[in-house]
Number of protein chains: 4
Amino acid sequence: MARKETSRHIRQTGDYCFTYSPFHRPIAEVRPGEKVVVHTIDAFGNKLKSPRDRATELCHFPFVNPQTGPIFVRDAAPGDTLAVTVHRIDPDRDYAVTALIPQFGALTGTRATATLNDALPEQTRILPIRKGQVHFGRRIRIPYRPFMGTMGVAPQIEAINCLTPSYYGGNMDCVETCPGHEVQFPVLVEGAHFFTGDAHATQGDGEITGVACELAARVTLSFRVIKGQAIRWPRILSRDFIMVAGSARPLDDALRIACVELIDWMAEDYGFDRLEAYHLLGQVVQIRVGNMVDPNYTVVAKMPRKYLNRRGRA
Amino acid sequence: MARKETSRHIRQTGDYCFTYSPFHRPIAEVRPGEKVVVHTIDAFGNKLKSPRDRATELCHFPFVNPQTGPIFVRDAAPGDTLAVTVHRIDPDRDYAVTALIPQFGALTGTRATATLNDALPEQTRILPIRKGQVHFGRRIRIPYRPFMGTMGVAPQIEAINCLTPSYYGGNMDCVETCPGHEVQFPVLVEGAHFFTGDAHATQGDGEITGVACELAARVTLSFRVIKGQAIRWPRILSRDFIMVAGSARPLDDALRIACVELIDWMAEDYGFDRLEAYHLLGQVVQIRVGNMVDPNYTVVAKMPRKYLNRRGRA
Amino acid sequence: MARKETSRHIRQTGDYCFTYSPFHRPIAEVRPGEKVVVHTIDAFGNKLKSPRDRATELCHFPFVNPQTGPIFVRDAAPGDTLAVTVHRIDPDRDYAVTALIPQFGALTGTRATATLNDALPEQTRILPIRKGQVHFGRRIRIPYRPFMGTMGVAPQIEAINCLTPSYYGGNMDCVETCPGHEVQFPVLVEGAHFFTGDAHATQGDGEITGVACELAARVTLSFRVIKGQAIRWPRILSRDFIMVAGSARPLDDALRIACVELIDWMAEDYGFDRLEAYHLLGQVVQIRVGNMVDPNYTVVAKMPRKYLNRRGRA
Amino acid sequence: MARKETSRHIRQTGDYCFTYSPFHRPIAEVRPGEKVVVHTIDAFGNKLKSPRDRATELCHFPFVNPQTGPIFVRDAAPGDTLAVTVHRIDPDRDYAVTALIPQFGALTGTRATATLNDALPEQTRILPIRKGQVHFGRRIRIPYRPFMGTMGVAPQIEAINCLTPSYYGGNMDCVETCPGHEVQFPVLVEGAHFFTGDAHATQGDGEITGVACELAARVTLSFRVIKGQAIRWPRILSRDFIMVAGSARPLDDALRIACVELIDWMAEDYGFDRLEAYHLLGQVVQIRVGNMVDPNYTVVAKMPRKYLNRRGRA
């Protein structure tokens, strides 16, 4: 990772914003095609440094999951699509951090799924990263497979806390926003007001503890504007798949959104009849649960490109 | 309704805001104890005037459900509770309007519960209000029982579209925010930034069509600040009940929030042991479904005051 | 309660059945029009007699919520509707019993909403019934408003545990199956194989603790067969309302079933156009949450009869 | 597929049963260790043979998804675990069949998620199977990757329709019940009363159309009884993973069940502390959505064995 970086760097400002928003002044402007390195701090604002540090003492909603942004993308106007390619994610330190936070996670009562049971105990774990492996305890080594937990653009008239994923992207916590993939967002305000943060060294499906292997990182990105193409939900493209990320509660509705949007995409761009696309998805779609812990849950529906080869007609 | 009104009037400004937000400059300031008349336009911005008018042509998300506000309440500071008494709701015209809007409502596929089925047809109905009755068609007369569909305060750092109810109140669409009741909100920013709008002449439980009998109205309110009392979710007080309004998806989670908050209230203010309060609620709680159509659904849990008489101890 | 009863009595047999089922031999046969008194034991099999008795020690799934039945109703054939009028419910003892059962209830992790949190403590409460009041603790007196928590018929080829409500009725735990009301079920097997049990002295909406004021009772019923009318879900008729009870998870789906079936009923029997019925329900429907704790949740949608007077046409 | 089969064959009887049930007389008895070939017909009872055949005309609930069974497994007693190894699944004909069925599937209103929208049109597709490929239309070829959609045992006192998956297994429609894997079930009645059917030539995650590539097949199985080991939910073991299949609605609850049971398994058999197992799952668990269309939805949680190597202690 010692390669010489000649790209422009965009750093977290002291006054980093906690909302995807059109209200905040952009901290940088990029041109389509330009490659930039965005520096991000971790979801805890880099405050957890030892197993004795407690998120409930050091971090307070809504001041969590800080993002780097807004980044103004030239030429991006409402009605366009912003396509962001993730080139690489380099750790900015030699450890990740994870935690169990009371009343947060998929297997505990939470503020939304309110119960009267006692909360689970709080735990913080520091996970060294060495030679491409995340060390979980003394014996377990998990491959370093980084992705950006949060990537998104500003909604049209709202400022949304950075824990909530939705049609504008945001805290999707899905492993597919990773190096080599292109992530597309609807442009809703002039310049798109792109944000990213919340790098993860790795994560299980669903992020069921509510916290992945949280990382401060430098993410290398480039931007592309697709003029006049309005999309409704984030799309992800890889060599082998076209994908849609839907976010809602419960998981059922997130899955429905992702699949219906994927079908509409196949109809619009690949010549499929809608019902035929549905019928085919029933046999070949792959479903990936991004998170089941954030204010909206995220599900990614994946269509293998190999079935789209000949303009998709079955 | 010809009584002389000496209260101060707060009118909808031309540049009315569509978000509960700390970003917008207050349009008025009120003192605790002061009685004011707030003028509100209907959820369609008063644009539907005949059965031929179509919401899908005239109204566009997120520019819907306009509110009157922000109203700055003197002395209200973060950590306090804002208590708003609804004295009366007077119709500002002689009809209500309701509609079926494609992809919106509880009994159809929607943007969130995405399906491939064809949408239901769009319909607009103008409902004359005469002698305390809402005329639905030629023969059906429904009693005029008005309430404010939307009442809320600004979140701390966000600007939220006015369709979404949550811990800050908002578009709860519950019949309990009506004349004679006091509605309490957590104060999250200096001055609370209170908003209201979306008057309903009447509504069924759950607002299952997505649209009630929508009204332009003048609502008479007074404000009270409870210093140093931080609440987590909106509370409603009537002569016979103490109530909590929880908002989430699915309905299950909205119900859980409302009941757990009600139990905590009974523990904090009425001397109940939490499990005893739970046990009692199991036998006497009343549940009212506010809406099952907004981005969050709202459920009101109601505890009869008669069981709280002697400091609640069972 | 000293009135002379001349009706035939049907008693719980020692070998009482725990399933709604066509597999079990009927314990009695009734004629349409005949009035009978059915004796039922409580949901715990009458085993909890003191606050020291524990449901987790004395009752074991699936041997819970015992029913009295099957009762063979003469003339009832598949495709018919069985209409059961509840005339009165007399307590068979001078107390009700309620309990908190670990991993059961709406405000705790459960077997279905599985969490890692410690369970809530178990509690049993004996509630004396005196002069029409249920004594909850020393000071709280709740009016005696009895209903049958469980009423149903056998499914066509299944035997279902008596905790689960569905299209065949069953453990709906809704307060509307009470004296003065008629409850209708689809007949799915010859003779209907009617069951009832689980009397409740009173209950809060949602039965959120999982347990109401459980009672051993004698319920006076009469039966009517509506030949050739096939219904899909249980209906309830009172003087003021027609109602449908839908059961599913989450609550959203139970509400949807109840409302769609109510609309279809208004279309079939009262001359409404379906969309007009939907539109009207949006303004006047009443929603009652039966239970949010059983394997399916139950929601009752209620249409005031006054809006149906003139063949419903709006 | 011309290999000589010397195993005993168990054929579908004319009077095949449609319920997992202890009420039906076993059609065969097997010994632990014995390898048998079970013949199964497809979920439509082999009735759809051309694109003109309609499931709504030829198949009627609850007489759908016929199983081969009950198979009595010698030595299997309540409290034991039945482990079934799937050795191979051979198609019994040269085509699979799939369909769109009105009011059934994840992306349409259904009987449970009841809507007023018009149903989607019905479609039947015959899919030739040639050289290990399922031909979907003229150009799309999907690899033949067969699994049994339904495998289960009888519940203790119930007879359950064969569409419903739950703790006894059943219609889980998850791709992991495939050749090379061992599937474990709790034994709830003497002899276990094992059933299987509903072979699928392949299927997308979630089986979102409600119907996979349905197959008549011969499945080669062998049985093992683990005495005195009581499990609560089905487990699946492969070379690389240990897995639990949870079934519930909504998907959230199915995921919760699968993950909590997996954690308990790691605690019981691999020496993990429960919270440590949870913490690890957050980083490495894989989630597979079996179906989101049956009366319960099924989610499989998968733990890579490589992290369990050294008795799992982190």
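Observations
- Per-residue packing, averaged as other Cβ atoms within 10 Å, sorts the ranges C:35-42, D:105-112 into the order D:105-112, C:35-42, beginning with the highest.
- Residue by residue along A:272-282, Cβ atoms of other protein chains within 10 Å of the local Cβ number 6 on average.
- Computed about its Cα centre, the charge dipole of the protein assembly as shown is approximately 0 debye, with only Lys, Arg, Asp and Glu carrying charge at their Cβ.
- Residue with peak Gaussian network fluctuation, chain D [Cα springs, cutoff 10 Å], from D:I208, D:I142, D:I231: D:I142
- For peptide B:261-270, the mean count of partner chain Cβ atoms within 10 Å of a residue's Cβ comes to 1.
- In a reduced charge model with +1 at each Lys and Arg Cβ and -1 at each Asp and Glu Cβ, segment D:152-288 shows a dipole moment near 260 debye about its Cα centre.
- Charge sum, other residues only, whose C-beta stays under 11 Å from D:V225's C-beta, Lys/Arg counted +1 and Asp/Glu -1: +2
- Computed from Cα atoms, the angle from the helix A:251-270 axis to the main principal axis of chain A rounds to 40 degrees.
- The Cα-based radius of gyration and maximum Cα-Cα distance (Dmax) for segment C:8-230 are 17.2, 53 Å.
- Loop-located trypsin sites (Lys or Arg not before Pro) in segment A:215-308 (DSSP state other than H, G, I, E, B) with a sparse environment of at most 12 neighbouring Cβ atoms within 10 Å: A:K227, A:R239.
- Segment B:162-314: Rg to Rh, with Rh as the Kirkwood radius over Cα pairs: 0.96
- When chain B is treated as a GNM with alpha-carbon contacts under 10 Å, the residue of B:A248, B:A43, B:A28 showing the greatest mean-square fluctuation is B:A28.
- Inter-copy label distances at B:Q133 (7 Å, Cα→Cβ; nm, one decimal): 4.1, 7.2, 8.1
- Each Lys and Arg contributes +1 and each Asp and Glu -1, all at the Cβ; summed about the Cα centre of chain B, the dipole is approximately 1200 debye.
- Annotation: amide H of D:V134 within the under-5 Å range of D:I142, D:Y144, sequence separation 5 or more or interchain, hydrogens built in the peptide plane.
- Rounded tilt (10° steps) of B:274-284 against the dominant C-alpha axis of chain B: 50 degrees
- Residue exposure proxy: A:C178, C:C162, C:C213, ordered by other Cβ atoms within 10 angstrom of their Cβ from fewest to most, comes out as A:C178, C:C213, C:C162.
- Backbone amide hydrogens, once placed in the peptide plane, bring B:C17 within less than 5 Å of B:Q67, B:G69, excluding anything fewer than 5 places away on its chain.
- Mean Cβ neighbour count within 10 Å, used as a protection proxy, ranking A:150-158, A:17-25 highest first: A:150-158, A:17-25
- Residue-wise HN-Hα couplings along segment A:300-305, as the Karplus relation 6.51 cos²θ - 1.76 cosθ + 1.60 with θ = phi - 60° gives them from phi, are 10, 9, 10, 10, x, 5 Hz; Gly and Pro carry x.
- Close amide H partners of B:I242, meaning residues 5 or more places away or on another chain with modelled amide H under 5 Å apart, are B:M303, B:R305.
- Separation between Cα centres of segment C:76-143 and segment D:70-137, rounded to whole Å: 40 Å
- Neighbour-limited loop hits for GluC sites (Glu not before Pro), segment B:29-79 (at most 14 other Cβ within 10 Å; DSSP other than H, G, I, E, B): B:E34
- Percent antiparallel among DSSP beta bridges (both partners in segment D:8-230, rounded to 5): 90 percent
- Other-copy label distances relative to C:F61, 7 angstrom Cα-Cβ extension, nm: 2.4, 2.9, 3.8
- Charged neighbours of D:S21, selected by a Cβ distance under 15 Å, balance to -3 (K, R count +1; D, E count -1).
- Trypsin sites (Lys or Arg not before Pro) within segment D:51-86, DSSP loop, no more than 10 other Cβ atoms inside 10 Å: D:R52
- Rounded Å value of the spacing that divides the Cα centres of segment B:229-243 and segment A:206-227: 41 Å
- Principal axis box of segment C:41-90, alpha-carbon based, largest edge first, Å: 46, 26, 12
- Total lysine pairs under 29 Å (Cα atoms) in chain C, excluding pairs fewer than 8 apart on one chain: 10
- Note, ³J(HN,Hα) from phi for segment A:123-137, Karplus 6.51, -1.76, 1.60, rounded to Hz, x at Gly and Pro: 9, 10, 10, 9, 10, x, 10, 9, 6, x, 10, 8, 8, 9, x
- Residue by residue, segment D:59-72 carries 3J(HN,Hα) couplings of 10, 9, 4, x, 8, 10, 6, x, 10, 9, x, x, 10, 7 Hz when phi is fed to the Karplus relation 6.51 cos²θ - 1.76 cosθ + 1.60 (θ = phi - 60°); x denotes Gly or Pro.
- With its label point defined 7 Å out from Cα along the Cα-to-Cβ axis, B:E182 lies at 4.8, 6.0, 6.6 nm from the matching points of the other copies, in increasing order.
- Residue of chain C with the Cβ closest to the rotation axis carrying C onto A, and that distance rounded to whole Å: C:N117, 2.
- For the residues of A:196-206, the average number of beta carbons from a partner chain within 10 Å of their own beta carbon is 4.
Values in this text are rule-based calculations from the coordinates and carry no lab data. As the structure is a prediction and not an experimental result, all values here were calculated from the model. Cβ atoms come from the backbone with ideal geometry, glycine included; neighbour counts cover every protein chain shown.
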